[in-house]
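Right, one structure below, let's go through it.
No lab work stands behind these numbers, since they all come straight from the coordinates. The shown structure was predicted, so the numbers you read here are calculated from the model rather than taken from an experiment. Methodologically, a virtual Cβ is constructed for each residue, glycine included, from the backbone with ideal geometry; neighbour enumeration extends over all protein chains shown.
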């Protein structure tokens, strides 16, 4: 046999997927054997490919849900430590459903950013700037935002 890319080179090696003859210079080592360069090209999984319009939809839905969650995080008080992870899981689910159950680092970032931006928007919309001046409220609010963010990111990462 002759290599498909180098016709002057004789070879006994062929691609494990498409059976194209390949020489040692063309061969790419893969977990399941040798592949030709075309079969070995690293295409990302469809699970991580999000269409732009779905990404924008997820951003809008995430920020809207994050704002609603921010209102809850401001006014529950001590019990927020128990409720924040549940709220974060719901926010992660909103982002997942808006993207068609896609995952990946960009969506993890989007979920976390949605919680943080939404929490900030909820403070601005409610006019409850006292959260920032009362140290006790500020600590609980920031802790709740952190727990909610971690839970939202974790929902997408460890589905």
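For the reader, a short list of remarks on this structure follows.
- Which listed residue, of 71, 79, is more than 19 Å from residue 150 (Cβ to Cβ) and part of a helix (DSSP H, G or I): 71
- Top-ranked residue of the stretch 44-54 - restricted to ones that are touching a helix residue (DSSP H, G or I) at 6+ places or on another chain (Cβ under 9 Å) and surrounded by fewer than 17 Cβ atoms within 10 Å (Cβ to Cβ), ranked as farthest from residue 98 (Cα to Cα): 48
- On inspection, residue 95 does not qualify as without any contact (Cβ under 8 Å) to a residue 24 or more places away in the chain and touching a helix residue (DSSP H, G or I) at 6+ places or on another chain (Cβ under 9 Å).
- Inclusion of residue 100 among residues that are within 30 Å of residue 114 (Cβ to Cβ) and outside any loop (DSSP other than H, G, I, E, B) is not warranted.
- Qualifying residue in the stretch 28-43 (condition: in contact with a helix residue (DSSP H, G or I) (Cβ under 7 Å, 6 or more places away or on another chain) and either part of a loop (DSSP other than H, G, I, E, B) or surrounded by fewer than 18 Cβ atoms within 10 Å (Cβ to Cβ) (or both)): yes
- Matching residues in the stretch 1-23 - criterion: being in a loop (DSSP other than H, G, I, E, B), in contact with a strand residue (DSSP E or B) (Cβ under 9 Å, 6 or more places away or on another chain) and surrounded by fewer than 13 Cβ atoms within 10 Å (Cβ to Cβ): 8, 12, 18
- Only a single item in (1) farther than 21 Å from residue 129 by Cα; (2) crowded, with 21+ Cβ neighbours inside 10 Å; (3) under 13 Å from the mean Cα position of the chain (by Cα) is not met by residue 87, and it is number (3).
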